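Quick notes on the structure that follows.
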Amino acid sequence: QVQLVESGGGLAQPGGSLRLSCKASGSIVTIATMRWYHQAPGKQRELLATITSGGGTTYADSVKGRFTISRDNNKNTVDLQMNSLKPEDTAVYYCNADIRPTDSFLTRQYWGQGTQVTVSS
């Protein structure tokens, strides 16, 4: 069974930094695009950053220049380096990936359980 597990959330001060990590485990054939989302209280889940298997990246305007997404294809991990954090970055952060498991010919999206990030002085 495929799982995504995030780590690295917590409390940061405005202007500070945090690094989130997400590891995919289980019986995996391939991982295509990996993504980070966040969801603030009372708001819809928002796509922040994507990275393809070849390393191509895209970012939401709200995080461009502050957040960096990266991945290690050998370890099946995707990271999100978050700098210059703002109080409005406070949210639950989720990783998401397009994964083909060994028991299927189809690729589907998997979600992690989420990790809380709070930016406050």
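Read-outs: derived from the displayed coordinates by stated rules, not from any lab. Given the structure is predicted, the values throughout are model-derived calculations rather than measurements. Neighbour counts are summed over all protein chains in view; Cβ atoms, including those assigned to glycine, are modelled from backbone coordinates with ideal geometry.
To the nearest 20 Debye, how big is the dipole of the chain about its Cα centre, given +1 on the beta carbon of each Lys and Arg and -1 on that of each Asp and Glu? Roughly 60 debye, rounded to the nearest 20. Summary of the geometry: segment 33-65 and segment 95-121, compared by the centres of their Cα atoms, lie 12 Å apart. In terms of overall dimensions, segment 73-121 has a Cα radius of gyration and Dmax of 14.8, 48 angstrom.
With θ taken as phi - 60° and the Karplus curve 6.51 cos²θ - 1.76 cosθ + 1.60 applied, the whole-hertz 3J(HN,Hα) list for segment 13-24 is 7, x, x, x, 9, 9, 10, 9, 10, 9, 10, 8 Hz, x standing for glycine and proline. Scan segment 54-121 for trypsin sites (Lys or Arg not before Pro) in coil per DSSP, keeping those whose Cβ has at most 12 other Cβ atoms within 10 Å, and list them by number. Here the trypsin sites (Lys or Arg not before Pro) that fit, given the DSSP loop and packing criteria, are 64, 75. Under a 5 Å amide H cut-off, with hydrogens placed 1.01 Å from N, residue 16 pairs with 85 among residues at least 5 apart or on other chains. In whole angstrom, segment 39-84 maps to an equivalent ellipsoid with semi-axes of 21, 12, 10, each derived as √(5λ) from the alpha carbon gyration tensor and ordered largest first. Computed 3J(HN,Hα) for segment 85-93, one whole-Hz value per residue from the Karplus formula 6.51 cos²θ - 1.76 cosθ + 1.60 where θ = phi - 60°, is 5, 10, x, 6, 7, 4, 4, 8, 9, glycine and proline marked x. Summing +1 for each Lys or Arg and -1 for each Asp or Glu among the other residues whose beta-carbon sits under 15 angstrom from that of residue 48 gives +2.
Among the trypsin sites (Lys or Arg not before Pro) in segment 4-52, those located in a DSSP loop and surrounded by at most 13 other Cβ atoms within 10 Å of their own Cβ are 43.
At an R0 of 22 angstrom, the distance between the Cβ atoms of residue 86 and residue 46 translates into a FRET efficiency of 0.95. When restricted to Cα atoms, the chain yields an Rg and a Dmax of 14.2, 48 Å, respectively.
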